[in-house]
Amino acid sequence: MDDQEPKSKTLNLYLDDSGTRHPSRKPGTKAAHGYDWFALGGILVEDAREEEARQIHQDFMAKWSVETPLHSSEIRSQNERFAWLRGLEKEQAQRFYEELYCMMRDAPVLGIACVVDRPGYNERYEEEYRENRWLLCKTAFSVVVERSAKIARSKGLKLRVFPEKCNRTEDRALKSYYDALRNEGSPFDATSSDKYAPMTQADYEEVLYELKFKAKTSPMAQLADLYLWPICMGGYHAGNRPYKRLMDDGKLVECVLDEEEHAVLATKYSCFENVERKK
């Protein structure tokens, strides 16, 4: 890594996680939608435009006098730090949600993720690998970082990876996956992953610039959190309103790709073969 690399020559990947990362562990309280996934993803933003994104976030926070980090699940359920939304008049609440979406839309970012359907993952790998199955975060991290690195390389940029800080064990795991990509290359079987045009170890070493964990208070980490849920839902329900709006407004990475690039650069919905996607 060149320590003198100008920040403006980087593409920044901010990551959040969603769902249960262990293949066989039961998920927590079952969501109303009934889907069972693990995902890592969020947003890509060119460093040269990150300050613009931060200002758009700051303006929204100031207008609504929000002093706690934006958290998608709390905002959707109007619970915990966003229970105050329940006290708003209907029209005012609608305005809050609309302006929240406009903040997401106007920020110069693109959404990207790897979403793994847990039942599909277990159906594919449980019999062959039993308890040697990877934690789902290894699959998701390796996929989303590789696709983001390819996009960075196509722009002549380095990639900086900023996961949201979680806990010592899980943060250490992500650091080990990142180091393995730089030092060993892709962890996937070359015979089965060749169709995805995997990067070589030398490619990773050249493109990956740094990994640094960010707190929930980071404005970009908050945007990553807000983007991830609709991206996950889109794998199961194409008509999900937040997902559809982001697609229609060109805010997901697949919106700026040619059709033939989707298989190797777009958000990856892994092990979705038996998922009947709603329209």
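Here are the numbers:
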| quantity | calculated |
| --- | --- |
| Phi to ³J(HN,Hα) by Karplus 6.51 cos²θ - 1.76 cosθ + 1.60 over the stretch 266-276, Hz, x for Gly, Pro | 7, 3, 9, 9, 8, 6, 9, 4, 9, 8, 8 |
| Stokes-Einstein D in µm²/s, Kirkwood radius over Cα pairs - the stretch 225-270 at 37 °C with 0.692 mPa s viscosity | 303 |
| Cα-based shape type of the stretch 44-173, given that a ≥ b ≥ c are square roots of the gyration tensor eigenvalues and the cut on a/c is 1.5 | oblate |
| Spatially proximal lysines relative to LYS155 (Cα-Cα < 29 Å; intrachain offsets below 8 disregarded) | LYS7, LYS9, LYS138, LYS165, LYS175, LYS195, LYS212, LYS214, LYS216, LYS244, LYS251, LYS268 |
| The stretch 58-75-the stretch 237-256 distance, computed between alpha-carbon centres (Å) | 22 |
| For TYR177, TYR125, order by how many other beta-carbon atoms lie within 10 Å, fewest first | TYR125, TYR177 |
| Footprinting exposure proxy for ASP117, ASP36 (fewest neighbouring C-beta atoms within 10 Å first) | ASP36, ASP117 |
| Distance (nanometres) between label positions extended 7 Å along Cα→Cβ at GLN58 and ARG182 | 3.0 |
| Fully extended contour minus Cα-Cα distance, from ALA48 to VAL275, at 0.36 nm per residue | 77.8 nm |
| Efficiency of FRET between GLU67 and ASP189 - r from beta-carbon atoms, R0 35 angstrom, step 0.05 | 0.15 |
| Nonlocal amide H pairs with LEU208, under 5 Å, H built at 1.01 Å | LEU159 |
| Residues with amide H under 5 Å from that of HIS237, placed H, sequence gap 5 or more | LYS278 |
| More than 24 Å apart - percent of Cα-Cα pairs taken over the chain | 49 |
| Ranked packing of 145-154, 264-273, 97-106, most packed first, by mean Cβ within 10 Å | 145-154, 264-273, 97-106 |
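No lab work stands behind these numbers, since they all come straight from the coordinates. This is a predicted model, so every value here is computed, not measured. As a convention, Cβ positions derive from the backbone with ideal geometry for all residues, glycine included, and neighbour counts pool all protein chains shown.
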